[in-house]
Each structure stands twice: as C-alpha cells, then as structure tokens.
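The values are calculated or read from the model by the stated rules, or taken from the named source; none is laboratory data. Note that this is a predicted model, so its numbers are computed, not measured. Every residue, glycine among them, receives a Cβ derived from its backbone with ideal geometry; neighbour counts consider all protein chains shown. These accessible areas exclude ligands, DNA and RNA; they are computed on the full protein's heavy atoms, side chains included. Shrake-Rupley method; radii C 1.70, N 1.55, O 1.52, S 1.80 Å.
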Amino acid sequence: MSEKKRIIFHVDMDHFFTAIEEKKHPEFKGKPVIVGADPKGGKGRGVVSTCNYEARKFGVRSGMPISRAWKLCPEAVYLPVNYELYTKVSSKIMAILRKYADKFEQWGIDEAFLDVSSKVKDYAEAERLARQIKLEIYEREGLTCSIGIGPNKLVAKIASDFQKPDGLTVVKAEDVEKFLSPLPVRKLLWVGRKTEQKLRAMGIRTIGDLARFDPTVLAEAFGVMGTQLYLMAHGIDRSEVEERGEIKSISRERTFEEDTADFELVFKTLEKLAEEVHGDVLEQNLYFKTVTVKVRYENFETHTHSRTLSFMTNRLDDLNKTAKELLQVYLRPDRKIRLVGVRVSNFVHGERQKTLV
Ligand code: TTP
Ligand code: MG
C-alpha cells in the first residue's frame, strides 16, 4: 500500500503578544508597539519579547536587547509582558483550532499543527477550511494568523511563514520542491547559525543548492544531520502531528539591574520567579516533573541545569527546593551573574478537584 497522502496545516498567530495588547488598547493601533523588558529610557537590560509590524519597520525584533530597541524606536509604546493574559488567549485559540483537526499539536504559545487529512478531499477544500479557521479566530478573538498548508509538517511550517501577517500559503505535494528551492537554507527548522555558515562555506545558500548536493558528502560533513538535511531539502518529513500537553513549559527569567555576585539577591530573585511560575502551574491545573534553572554570567555565557523528580508535583516547596539546589553549583564568588531563570516542564494535566470534603 502506498503511503497515505496527508494534508497538514501550520497556524502561527501574527505578532501574538502585541496583537493581544492592541486589541485591549485600540488607541495603540497604527503605532509601533513593543512588549518586553522596561526600556528605562535606553538603560533597560532585558530583551524584546515581541513587537508589532510597525515596530519591525524600524528594525526591532524578538530577542533583541530592549536598549537597542529604544535606540531604533524610542517613540514606540513599550509594555511589560502579561503572561497571564496571553496564556488565556492562547488556550482559547487552541480550543478553536483543535475542533477542526483529526490530530492536533500545539507548538509553543501561538502555533499549532493540524492534520486535516480526513476532513478535506483536496487542496482546494483545504484552502476553504483554512479561510474558515482564520475567519472564526478573527470574529471570536479579533486576532489574525498566518496558515501554511502542505503535505507534511515541515512544508506547512515553512509555508505559514511565507506570507505574514494574515497570510495563507498552499503548497501542494507536487509543488514542494519548486516552493522550497529558492528559499535560504535557514528556513529548514533546525538549521542554526553555525550549520548555516558551514553550508555556506560549501557553496550552499538555498534549499535548492542543498537538494542538489551529494548526500554522501553531506553525511560525511554533518553525520546523521547531513542525511536529515538532505531529506528536508527535498521536502520529505514523515513525522506525525502528535497531541501533546497544551503547554510544554512555564518559565520566568530576570536580568539584574547590575551584574551581581550577591547570592542572597540571586536566591531571592529565584524565589520570586518560582512563585510566579507556580502561580501559572496552579492556574493551568498542571503537575510538573522537571525543574530547570538558567544562569547567564556577565560575559553572556549561559548555562541550564535540570532535574527530573521521581514524582509529579504542583507544590511550591518542591519547586523552590529543587531550583535552589540546581542554582547552587553556579554561584561562584569570582563570577557575576547577569540573569537567572527557572522553568518547569514535563507536565501532566491534573483532574480538576470538585469538592474536597
Ligand atoms: P513568534 O510566533 O515567533 O512571534 P510573533 O507571533 O510575535 O510574530 P510573528 O507574526 O512573526 O509570528 O512567537 C510567539 C510569541 O512568543 C511572541 O508574540 C512573543 C513570544 N516570544 C518571546 O517572548 N521571545 C522570543 O524571542 C520570541 C521569538 C517569541
Ligand atoms: Mg506568531
């Protein structure tokens, strides 16, 4: 039997955090809006979480130091991150999307894969379904998204990014190689900066260059990843859309006003972050097993250290105790700390307890 033809959607909300803020504050519409750390007149030390498309025209991007954003666009509206609100909206969006899919997989806070193979008979029907989904999200939540449609997750994901914002890109199975060929290799999901540089040194810039390259040479240069890259360049991806826990992790991190070796301050900050994380854990009715601590030193060297507990828990005490133990190894009098963070993951959804007598 030949492999079953699939039709997969990838949905990605447009400038998610700022879109939610704009909906809440219509007076921001048309202005550059940036969500992230407090810029403090250019002296702020955290990063940009996201920004709307008006701010992107000034060169502002996610992950950029907030001080740099301030230089590029001091006139923007700067807002703190309101995770609670964004998580709530995310859940509503996911509930809308889930009902359209045979198989559903949330991916981060604002993206999802939908396998709609049994819901539509061809790409024309798929396109109509995608328009219906976009309309429902817009009518119910006032937000736009971009949807990519393809024969697998890889192609769908690249397609959703192809026309943003408010895009809809359909790539039929027979058009995959033609679609991918001119795009830069960076668009293949796991191609990071280093791989990109190495490929460039071999004369490979586009996905098409990669697809035409000798696969044995790629395997020699990159090992297993070389073979993977070659398959991806030909648009081949057999991975299934898999239902996972709605949220994969909950985290908080904070950049200190000044790099510090004051361990009491670091511990206190960690405790505060753990409390915030714990608040979200309870609100989402989750139990976690894994705790991760992140530390960035003054030279930007960044470490993470995780521990998986032997039990599921939603207790603040367990989180605090584990996080502090994990942090301990990073506290050295000769090394100042720039940032500390804590994350919980490996969730199970708890049964909502009705009445406890
Ligand atoms: P993305 O989907 O990467 O970005 P976006 O939705 O803001 O913009 P786009 O229109 O290009 O899809 O990320 C989703 C949210 O995750 C984003 O709104 C904010 C958050 N985020 C961060 O907090 N830090 C980051 O570095 C990135 C990339 C995202
Ligand atoms: Mg998005």
How high is the FRET efficiency from LYS40 to THR87, r the C-beta distance, R0 35 Å, rounded to 0.05? 0.85
Aspartates and glutamates within cross-link reach of LYS71: Cα-Cα under 16 Å, excluding same-chain residues under 8 positions apart? ASP38, GLU54
Heavy-atom accessible area of the chain with neighbours in place, 1.4 angstrom probe: carbon+sulfur share in percent works out to 52
Dipole of the chain, Cα-centred, from +1 at each Lys and Arg C-beta and -1 at each Asp and Glu C-beta, to the nearest 20 debye? 360
Cα to Cα, under 17 Å, and not fewer than 8 places away if on the same chain: which lysines meet these conditions relative to LYS88? LYS23, LYS24, LYS248
What is the set of long-range amide H partners of VAL33 at a cut-off below 5 Å, with H atoms built 1.01 Å from backbone N? ASN52, GLU54, ALA55, VAL77
What is the stretch 181-236 by shape, rounded, prolate or oblate, if you read a ≥ b ≥ c off the alpha carbon gyration tensor as root eigenvalues and call it rounded for a/c under 1.5, prolate for a/b larger than b/c, and oblate otherwise? rounded
Compute the helix-to-body angle for 123-141: its Cα long axis versus the longest principal axis of the chain, expressed 0 to 90° and rounded to tens. 30
Residue separation between LYS272 and LYS324 times 0.36 nm, minus their alpha-carbon distance, gives in nm 17.5 nm
Helix 263-283 versus the longest principal axis of the chain: what angle, 0 to 90°, nearest 10, using Cα atoms? 50
Between LYS336 and GLU127, how many nm apart are label points set 7 Å from Cα along the C-beta direction? 5.8
R0 of 41 Å, Cβ-Cβ distance ASP102-THR308: FRET efficiency to nearest 0.05: 0.80
Counting only heavy atoms of the protein chains, get the accessible area per residue of the chain (1.4 Å probe) and round it to a whole Å² value. 52
The chain - mean residue ellipticity at 222 nm from DSSP helices (-39,500 (n - 2.57) per run, n ≥ 4, rounded to 500): -11000 deg cm²/dmol
Can you spot the aspartates and glutamates whose alpha carbon is less than 20 Å from LYS43's alpha carbon? Ignore those fewer than 8 places along the same chain. GLU75, GLU253, GLU257, GLU258, ASP259, GLU298
Just to confirm the number: angle between the C-alpha axis of helix 316-328 and the first principal axis of the chain, 0 to 90 degrees, nearest 10? 90
